[in-house]
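Encoded as structure tokens, the structure appears first; notes follow it.
The values are calculated or read from the model by the stated rules, or taken from the named source; none is laboratory data. The structure presented is a predicted model; accordingly, all values stated were derived computationally and were not measured. Every residue, glycine among them, receives a Cβ derived from its backbone with ideal geometry; neighbour counts consider all protein chains shown. With ligands, DNA and RNA removed, areas are computed over all heavy atoms of the protein, side chains included. Shrake-Rupley method; radii C 1.70, N 1.55, O 1.52, S 1.80 Å.
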Amino acid sequence: MKFFIDTANLAQIREAQELGILDGVTTNPSLMAKEGIKGDKNIMGHYADICDIVEGDVSAEVISTDFEGMKEEGGRLARLHEQIVVKVPMTFEGIKTIRYFGEKGIKTNCTLVFSAGQALLAAKAGATYVSPFLGRLDDMSTDSSQLIAEMRMIYDNYGYNTKILAASIRHTMHIVNCAKIGADVVTAPLSALKGLISHTLTDIGLAKFLEDYKRVIDPS
Ligand code: E4P
């Protein structure tokens, strides 16, 4: 399973990259706004900075909602850097855009996916990635694991190459569940990625090892 980080924060992307497990980055307009990046030039520059830090795919989302606008905006994003994946919302116009970019060999990430039907249509249109939003489903008392399992079954049934990119990850159990079911990628905040490292028994065990070693080797 690939690990992406879900942020536009350069320091956090660098930290995840230093860990040596990072395969890519996803951003969205809210995450870009959180970093206070304003203006087309600065936004493009920020995406280029992200691409300089990581080696894998970097999702950059269009903010146009019509086909012509998404085509133009997505084209500019794709030309910016070979690592850019054009992130497109799950709408009628979005599906047309995914098909258009697919035919041009430009990678896409279909975002805001909440049902198996949406996921099927995005794969049929040729999306490179499809992003089901787990946390937002769970917030509505809907079992997000079920959606990942349905997507896995549907994509395997028909041999779709589209990758399941599990998004809206809130905690480490989301990541573990995705790995158990067979998501291709998870995109998670740094806190959830780092959460995979922690276990109280690891901390207690390490403290005891060091204490025992110090008592014998360096008793002073
Ligand atoms: C994914 O690509 C989205 O950017 C993101 O995961 C949404 O997460 P949220 O529900 O925490 O905003």
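Among the residues of segment 108-129, those that are within 14 Å of the chain's Cα centre (by Cα) and either touching a residue at least 40 places away in the same chain (Cβ under 8 Å) or open to solvent by 10 Å² or more (accessible area, probe 1.4 Å) (or both) comprise N109, T111, L112, T128, Y129.
Taking segment 73-93 as the region of interest, how many residues are more than 16 Å from the ligand (Cβ to nearest atom) and farther than 20 Å from I37 by Cβ? So that I can check it myself, show each step before the final result.
Our first condition is that a residue be more than 16 Å from the ligand (Cβ to nearest atom); within segment 73-93, this holds for 73, 75-76, 78-82, 92-93.
Cutting the leftovers down to farther than 20 Å from I37 by Cβ gives us 75, 82, 92-93.
Selection size over segment 73-93: 4.
Can you spot a residue in segment 99-120 that is assigned to a loop (DSSP other than H, G, I, E, B) and farther than 19 Å from E73 by Cα? So far as segment 99-120 goes, yes, one or more of its residues are assigned to a loop (DSSP other than H, G, I, E, B) and farther than 19 Å from E73 by Cα.
Answer yes or no as to whether E73 is in a helix (DSSP H, G or I), without any contact (Cβ under 8 Å) to a residue 24 or more places away in the chain and open to solvent by 10 Å² or more (accessible area, probe 1.4 Å). Walk me through it before giving the result.
Numbers: in a helix (DSSP H, G or I): yes; without any contact (Cβ under 8 Å) to a residue 24 or more places away in the chain: yes; open to solvent by 10 Å² or more (accessible area, probe 1.4 Å): yes.
For E73, the condition - in a helix (DSSP H, G or I), without any contact (Cβ under 8 Å) to a residue 24 or more places away in the chain and open to solvent by 10 Å² or more (accessible area, probe 1.4 Å) - is met.
Taken together, the criteria exclude L31 from residues that are within 13 Å of F4 (Cα to Cα), free of Cβ contacts under 8 Å to residues at least 60 places away in the same chain, within 16 Å of the ligand (Cβ to nearest atom) and surrounded by 14 or more Cβ atoms within 10 Å (Cβ to Cβ). Has segment 34-50 got any residue that is away from the ligand (no atom under 16 Å from the Cβ), modelled with pLDDT of 95 or more and in contact with a His (Cβ under 7 Å, 6 or more places away or on another chain)? Within segment 34-50, one or more residues are away from the ligand (no atom under 16 Å from the Cβ), modelled with pLDDT of 95 or more and in contact with a His (Cβ under 7 Å, 6 or more places away or on another chain).
Total residues in segment 130-162 satisfying the condition of being away from the ligand (no atom under 13 Å from the Cβ) and either in a loop (DSSP other than H, G, I, E, B) or surrounded by 12 or more Cβ atoms within 10 Å (Cβ to Cβ) (or both): the figure is 18. Here the condition is being surrounded by fewer than 10 Cβ atoms within 10 Å (Cβ to Cβ), on the phi < 0 side of the Ramachandran plot and acidic (D, E); of D203, D218, it holds for D218 alone.
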